[in-house]
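Working notes for the structure below.
The values are calculated or read from the model by the stated rules, or taken from the named source; none is laboratory data. Worth saying up front: this structure is predicted, and the values here are computed from it rather than measured. Because the Cβ atoms are built from the backbone with ideal geometry, glycine has one as well, and the counts that use them run over all protein chains shown. Side chains included, ligands, DNA and RNA excluded: accessible areas come from the protein's heavy atoms. Shrake-Rupley method; radii C 1.70, N 1.55, O 1.52, S 1.80 Å.
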Amino acid sequence: MKPIVSAIAIPIAAVIAVPAQAQSIPFVPDIYMGVEAGTGERSASRFGEDGTIVTSDESNGVDYGAYVGVELPAFPLGYMAVEAGIGDSTGETTALVRDGTVDRQVSTQARFNWSATARLGLAPLPGFAAYGIAGYGGEQVDITVTDVASGAQFERDDSMDGIIYGIGARYMIGSDVGVRAEYRHREASGAYDPEQFMIGAFISF
């Protein structure tokens, strides 16, 4: 009887001795939700207007949003997650487009954006992970075209969709709360191409 009791007691004692942070159940996904804010830069574009850009203004905007994701079971010292996000921006661009003797000013205002991304990287230290980002997303853009000579204007909107890539790092402050920093770039047919530098905080379940 004593050998059986000893055989059971040894693994129980080993589990108790492991730090609480290391006792997360393996192979069970963790759901997380968070908010983020930062800066975003967008390239001025003709947005289909004939001619060439002679001058442009690409002001940085304030980008902000929310996200929800699932951290998946990964290889030892690995990090893997899938995520969906939505956001908004104050970003604006202005381009002066010249077509022969005709000048038009093309102004944009960034609006609603969305993304679906995956994250894969390494977690070499407890609570810390560094990773690459890849996915797809889009942004709704309000466009105003002004004829410089007459002042006539017309407005429309467009959706600038494309592949997203970037890098990031996250750190768990406790067992359920974490912070992160990310750089993300979205290819939008070689034009507009938003770049974001974002800081976020999240909770996991």
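Anything in region 63-99 that is open to solvent by less than 60 Å² (accessible area, probe 1.4 Å), within 30 Å of E49 (Cα to Cα) and not hydrophobic (A, V, I, L, M, F, W, C)? List them, or say none.
D63, G87, D88, S89, G91, T93, T94
Out of the residues in region 150-161 meeting the condition of being among the small types (G, A, S) and modelled with pLDDT of 95 or more, tell me which one is most open to solvent (accessible area, probe 1.4 Å).
In this case the residue turns out to be S150.
Being within 27 Å of I173 (Cα to Cα), open to solvent by 30 Å² or more (accessible area, probe 1.4 Å), modelled with pLDDT of 90 or more and hydroxyl-bearing (S, T, Y), is that true of even one residue in region 32-46?
Looking for residues that are within 27 Å of I173 (Cα to Cα), open to solvent by 30 Å² or more (accessible area, probe 1.4 Å), modelled with pLDDT of 90 or more and hydroxyl-bearing (S, T, Y), one finds at least one in region 32-46, hence yes.
Within region 172-185, track down each residue that is open to solvent by 40 Å² or more (accessible area, probe 1.4 Å) and either within 20 Å of L77 (Cα to Cα) or at pLDDT below 95 (or both).
Correct list: I173, S175, D176, V177, V179, A181.
Out of everything in region 78-130 that is of a type in the set (S, T, Y) and outside any strand (DSSP E or B), what residue ends up being nearest to V28 (Cα to Cα)?
T90
Test of understanding: among A123, A188, A129, A169, which residue is closer than 19 Å to D88 by Cβ, open to solvent by less than 50 Å² (accessible area, probe 1.4 Å), hydrophobic (A, V, I, L, M, F, W, C) and within 21 Å of the chain's Cα centre (by Cα)?
After ruling out the rest, the residue left standing is A188.
I'd like to know if region 193-205 contains one or more residues that are surrounded by 15 or more Cβ atoms within 10 Å (Cβ to Cβ), outside any strand (DSSP E or B), in contact (Cβ under 8 Å) with a residue 12 or more places away in the chain and in contact with a Lys or Arg (Cβ under 9 Å, 6 or more places away or on another chain).
Among the residues of region 193-205, at least one is surrounded by 15 or more Cβ atoms within 10 Å (Cβ to Cβ), outside any strand (DSSP E or B), in contact (Cβ under 8 Å) with a residue 12 or more places away in the chain and in contact with a Lys or Arg (Cβ under 9 Å, 6 or more places away or on another chain), which makes the answer yes.
Working only within region 47-58, note down all residues that are under 22 Å from W114 (Cβ atoms) and open to solvent by 80 Å² or more (accessible area, probe 1.4 Å).
Scanning region 47-58 gives no hits.
Taking the condition of being touching a residue at least 40 places away in the same chain (Cβ under 8 Å) and either in a strand (DSSP E or B) or touching a Lys or Arg at 6+ places or on another chain (Cβ under 7 Å) (or both), how many residues in region 167-179 meet it?
6
Considering each residue of region 90-112, count those that are of a type in the set (S, T, N, Q) and under 17 Å from G138 (Cβ atoms), and give that number.
The total comes to 3.
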